[in-house]
1. Scan the stretch 65-79 and give yes if some residue there is out of contact with any Ser or Thr (no Cβ under 6 Å at 6 or more places or on another chain), under 30 Å from K100 (Cβ atoms) and either in a helix (DSSP H, G or I) or small (G, A, S) (or both), otherwise no.
2. Cβ-Cβ distance below 7 Å, separation of 6 or more or different chains: which pairs start in the stretch 97-109 with a residue that is farther than 13 Å from L45 by Cα and end on one that is modelled with pLDDT of 80 or more?
3. Would you confirm whether any residue within the stretch 5-28 is at pLDDT 80 or above, outside any helix (DSSP H, G or I) and surrounded by 10 or more Cβ atoms within 10 Å (Cβ to Cβ)?
Amino acid sequence: MALRENSLTIGCQKRTIIAILPAAAQQLIGAAFVLGYITYFLSLLGIEEYFKVSVALYCCMLASNVSAFPLIETAGRRPLLLMGIVSLTVIELVSTYLKKKMKKSIHPNTKG
């Protein structure tokens with residue numbers, strides 16, 4: 001009976017929620033959906049070699065997942081997380097800028 005009472009404490013519930021959140025967050029933000037339809041999204045963007053690009057993306061994901069385990073031990077989780085967030089933010093901002101610039105060169109009379 002004591003084991004059951006201890007497993008229902010607030011501390012255990014917090015640890016359980018913290019353990020579940022990363023996996024649940026990936027599903028809630030649609031990561032699996034985007035990865036499942038990445039070739040379709042790339043074709044909509046006008047990329048002609050969309051299959052090759054999707055294979056390259058999957059290879060990058062595999063390499064980053066394999067390298068994450070030793071890097072967590074050496075660099076730590078927080079620096080890796082912050083480095084990933086900053087680099088993805090920069091990549092998204094650059095790609096948005098390039099897309100707007102490319103759109104203006106194709107349609108010079110449009111605004112935005």
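The values are calculated or read from the model by the stated rules, or taken from the named source; none is laboratory data. Values in this document were obtained by computation on a predicted structure and should not be read as measured data. We place every Cβ from the backbone using ideal geometry, glycine too, and count neighbours over all the protein chains shown.
1. Of the residues in the stretch 65-79, the ones out of contact with any Ser or Thr (no Cβ under 6 Å at 6 or more places or on another chain) are 65-79.
Filter once more, keeping what is under 30 Å from K100 (Cβ atoms): none.
No, every residue in the stretch 65-79 fails to be out of contact with any Ser or Thr (no Cβ under 6 Å at 6 or more places or on another chain), under 30 Å from K100 (Cβ atoms) and either in a helix (DSSP H, G or I) or small (G, A, S) (or both).
2. Between residues of the stretch 97-109 that are farther than 13 Å from L45 by Cα and residues that are modelled with pLDDT of 80 or more, there is no close pair.
3. No, every residue in the stretch 5-28 fails to be at pLDDT 80 or above, outside any helix (DSSP H, G or I) and surrounded by 10 or more Cβ atoms within 10 Å (Cβ to Cβ).
A quick yes/no check of all residues on (1) among the aliphatic types (A, V, I, L, M); (2) surrounded by 10 or more Cβ atoms within 10 Å (Cβ to Cβ); (3) part of a helix (DSSP H, G or I); (4) at pLDDT 85 or above:
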| site | (1), (2), (3), (4) |
| --- | --- |
| G46 | no, no, no, no |
| K52 | no, yes, yes, yes |
| A56 | yes, yes, yes, yes |
| C59 | no, yes, yes, yes |
